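S.K.: Provided herewith is a single structure, encoded as structure tokens, for subsequent inquiry.
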Amino acid sequence: AYGRRTAPGLWSAAGADPFGGTISRWPTQAVGVLLSLGAIALAYSLGGQKPPSGVTFGLTLSILAAGSLALAFVRGDPGPSIAGFRADALGSAAVLIGSAVVTAARLRAR
């Protein structure tokens with residue numbers, strides 16, 4: 001899951017390409033880790049507030065899916081596509097929509 005090529009800079013890590021050259025790439029995996037840690041922090045902070053059943057899970061899943069969707073557009077590795085979009089982006093969008101709908105329903109049922 002390496003990122004797209006980018007200009008050298010503070011936020012672009014230099015990594016080796018398959019031919020042994022060094023290329024600056026967008027830090028896709030590092031940003032993914034930070035987004036995941038943020039989702040865990042949110043889930044942990046909501047744990048003490050006793051939200052309705054399923055809301056903490058739904059919000060956490062929504063954040064993870066939104067992060068995965070956003071990162072799909074800066075990935076540089078090859079992957080299958082459907083109608084011009086990466087298959088993982090479409091899957092992440094479907095999970096995001098589903099988790100948002102379920103979370104909203106759980107909040108309304110309150």
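S.K.: Quick one: which residues, 5 or more positions from SER12 or on another chain, have an amide H under 5 Å from its amide H? H modelled 1.01 Å from N in the peptide plane, none for Pro or chain starts.
M.R.: none
S.K.: Might you tell me the accessible area per residue for the chain, computed with a 1.4 Å probe and given in Å²? Could you put the intermediate results ahead of the total?
M.R.: Working: 7240 Å² over 110 residues.
Result: 66 Å² per residue.
S.K.: Could you grab the relative contact order for the chain? Cα pairs under 8 Å, six or more apart, rounded to a whole percent.
M.R.: Working: 134 pairs, mean separation 30.2, N = 110.
Relative contact order of the chain: 27 percent.
S.K.: Among the helices of the chain (complete DSSP H runs), which have Cα atoms covering no less than 15 Å along the helix axis and a Kyte-Doolittle mean of at least 1.6?
M.R.: Details: long enough: 28-47 (29 Å, 1.54); 55-72 (25 Å, 1.88); 87-108 (32 Å, 1.16).
Flagged H segments are 55-72.
S.K.: Would you compute, from DSSP H runs of 4+ residues alone, the mean residue ellipticity of the chain at 222 nm, taking -39500 (n - 2.57) per run and dividing by the full residue count, rounded to the nearest 500?
M.R.: Rounded to the nearest 500, it is -19000 deg cm²/dmol.
S.K.: To continue, here is another question. Report, to two decimal places, the Cα Rg of the chain normalised by 2.2 N^0.38 Å (N = number of residues). If you can, show how the numbers build up before the last one.
M.R.: On the way: Rg = 17.2 Å, N = 110, 2.2 N^0.38 = 13.1 Å.
Here the answer is 1.31, to two decimals.
S.K.: Right, something else. Roughly what would the spin-label model give for VAL101 and ALA41, points 7 Å off Cα along C-beta, in nm?
M.R.: Label-label distance for VAL101 and ALA41, simple model: 3.2 nm.
S.K.: Tell me the carbon and sulfur percent of the accessible area for the chain, rounded to whole percent, probe radius 1.4 Å. Walk me through the intermediate numbers first.
M.R.: Values: 4960 of 7240 Å².
Roughly 69 percent of what the probe reaches on the chain is carbon or sulfur.
The values are calculated or read from the model by the stated rules, or taken from the named source; none is laboratory data. Since the model is a prediction, treat every value here as computed from it, not as a measurement. Ideal geometry is used to build each Cβ from the backbone, glycine not excepted, and the neighbour counts take in all protein chains shown. Quick note on the areas: whole protein, heavy atoms, side chains included, nothing else; ligands and nucleic acids left out. Shrake-Rupley method; radii C 1.70, N 1.55, O 1.52, S 1.80 Å.
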